[in-house]
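Novice: First the structure, then my questions, so here it is.
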Amino acid sequence: MADVSTDTGGAGGRIVAPSADEVERAAEAALRPKRLDDFVGQQVVRDQLSLVLQAALARGNPPDHVLLSGPPGLGKTTLAMIIAGELESHLRLTSGPAIQHAGDLAAVLSSLEEGDVLFIDEIHRLARPAEELLYVAMEDFRVDVVVGKGAGASAIPLALPRFTVVGATTRSGLLPAPLRDRFGFTGHMDYYSAAELERVILRSSGLLGVHLEHAAAHEIAGRSRGTPRIANRLLRRVRDWAQVRGDGRLDLHAAKSALEVYEVDPIGLDRLDRAVLTALCTRFGGGPVGLSTLAMTVGEEAETVETVAEPYLVREGLVGRTPRGRVATLAAWEHLGLTPPAQPGAAAAGGTAAEDQGTLLDP
């Protein structure tokens, strides 16, 4: 019997979390496409990037530096690997949080060879000294090595071979303008359509050596929140269910049964998402209700509700954010199978945003 995977998701163990830990990244490695033609979705970014790479290869020079932005789980790391593969160059991987000092970045840069690709994930989290060093390296292909200390210190310029930086960020607004301007190509990655996710899942099932029926692929795609990483994770959980509790077939019954076990509903909501919606509708009459009050009701930290559950609920039009607090939309009531009240709940019923900040409201 084949081994059954035990990874259940990214941050906090949520199976629908768009982030991934090291264990899952290892599982993803076998599913990553190696060439741009095999990369599913992101048609605009693929076409633009293909043009940049083909032109660079024709000239025999490294391409411009590339910045990829967008939510986690959409394939930014995969595209960085594809860029190195298309250029037949070596890829060096690091991340913004891993580079806390200019010396850390200088060590990485000094080890690069001509034409190498340096991938910096979460580039918006670079420390300021390292960021300033990167400016010079990207533009002039040199680093200044400081020798000595105090008044006797001197900077010795060290020439670098021409290389290409591929930066990835989930928060492009945090990138300082001088750094952003040094990228010759910027591509923004959007969420995938259900049809694109079906293609991703069917391709992944072939790489995993399992036969996935189209109906099952359609069901998984509809619950994957527009994110390939989540789609591949759910596929592995369906495979586990079919192997352990089913007859080995990855059909529609296996898909629905597995996702029911992992509490992923037909539109991709998990336990936390539904808890937020249920509290908002049943405890506070649809709101408005303050964030900290809502978080306390579902037994989570306010930051968890705001950063983990709320983005998808807002994107799907289930929750609205107002100056007075969070409100449930008509779609939220319909999804829970509840009848909305004739009049929305009063703000005082659940606490307003001002109350969350500790201020007093006028009577």
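Novice: Quick one: what pairs do we get from the range 279-301, first residue within 14 Å of ARG321 (Cβ to Cβ), second open to solvent by 10 Å² or more (accessible area, probe 1.4 Å) and basic (Lys, Arg), C-beta under 7 Å, 6+ apart or different chains?
Specialist: From residues that are within 14 Å of ARG321 (Cβ to Cβ), the pairs are LEU280/ARG326; GLY287/ARG326; PRO288/ARG324; PRO288/ARG326; VAL289/ARG326; LEU291/ARG326; LEU294/ARG326.
Novice: Collect the residues in the range 321-339 that are over 15 Å from ALA279 (Cβ atoms) and not hydroxyl-bearing (Ser, Thr, Tyr), keeping them in residue-number order.
Specialist: Passing the criteria: ARG321, PRO323, ARG324, LEU330, ALA331, GLU334, GLY337.
Novice: Go through the residues of the range 240-250 one by one and say whether even a single one is crowded, with 24+ Cβ neighbours inside 10 Å, part of a strand (DSSP E or B) and either in contact with a helix residue (DSSP H, G or I) (Cβ under 8 Å, 6 or more places away or on another chain) or among the aliphatic types (A, V, I, L, M) (or both).
Specialist: yes
Novice: Of the residues GLY103, GLY85, only one is under 20 Å from ASN232 (Cβ atoms), open to solvent by 10 Å² or more (accessible area, probe 1.4 Å) and assigned to a helix (DSSP H, G or I); which?
Specialist: GLY85
Rundown of residues vs (1) modelled with pLDDT under 90; (2) within 20 Å of ASP273 (Cα to Cα), yes/no style:
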| position | (1), (2) |
| --- | --- |
| ARG180 | yes, no |
| GLY187 | no, no |
| LEU212 | no, no |
| ARG223 | no, yes |
| ALA231 | no, yes |
| LEU234 | no, yes |
| ARG239 | no, no |
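Novice: I would also like to ask the following. List every residue pair whose Cβ atoms sit under 7 Å apart, with the two residues 6 or more apart in sequence or on different chains, where the first one lies in the range 34-47 and is at positive phi and the second, anywhere, is at pLDDT 90 or above.
Specialist: GLY41/TYR192; GLY41/GLU196; GLN42/MET189
Novice: Here's a follow-up. Could you check how many residues of the range 174-192 are open to solvent by 50 Å² or more (accessible area, probe 1.4 Å) and either farther than 23 Å from ARG315 by Cα or part of a loop (DSSP other than H, G, I, E, B) (or both)?
Specialist: Residues in the range 174-192 being open to solvent by 50 Å² or more (accessible area, probe 1.4 Å) and either farther than 23 Å from ARG315 by Cα or part of a loop (DSSP other than H, G, I, E, B) (or both): 8 in total.
Novice: Here's something else I'd like to know. Looking at the structure I just gave you, is SER154 of a type in the set (S, T, N, Q), farther than 17 Å from LEU79 by Cα and at pLDDT 90 or above?
Specialist: no
Novice: Related question: Could you count how many residues in the range 212-239 are out of contact with any helix residue (DSSP H, G or I) (no Cβ under 7 Å at 6 or more places or on another chain) and closer than 16 Å to HIS253 by Cβ?
Specialist: Of the residues in that region, 1 qualify.
Novice: Has the range 277-287 got at least one residue that is touching an Asp or Glu at 6+ places or on another chain (Cβ under 8 Å) and at pLDDT 85 or above?
Specialist: no
Novice: I've got another one for you. Considering each residue of the range 251-260, count those that are open to solvent by 20 Å² or more (accessible area, probe 1.4 Å) and under 26 Å from the mean Cα position of the chain (by Cα), and give that number.
Specialist: So the count comes out to 2.
Novice: Just give me the residues in the range 57-77 being surrounded by fewer than 18 Cβ atoms within 10 Å (Cβ to Cβ) and part of a helix (DSSP H, G or I), in sequence order.
Specialist: LEU57, ALA58, ARG59
The values are calculated or read from the model by the stated rules, or taken from the named source; none is laboratory data. Fair warning: this is a prediction, and the values are worked out from it, not measured in the lab. Cβ atoms come from the backbone with ideal geometry, glycine included; neighbour counts cover every protein chain shown. Keep in mind that these areas ignore ligands, DNA and RNA; they rest on the heavy atoms of the full protein, side chains included. Shrake-Rupley method; radii C 1.70, N 1.55, O 1.52, S 1.80 Å.
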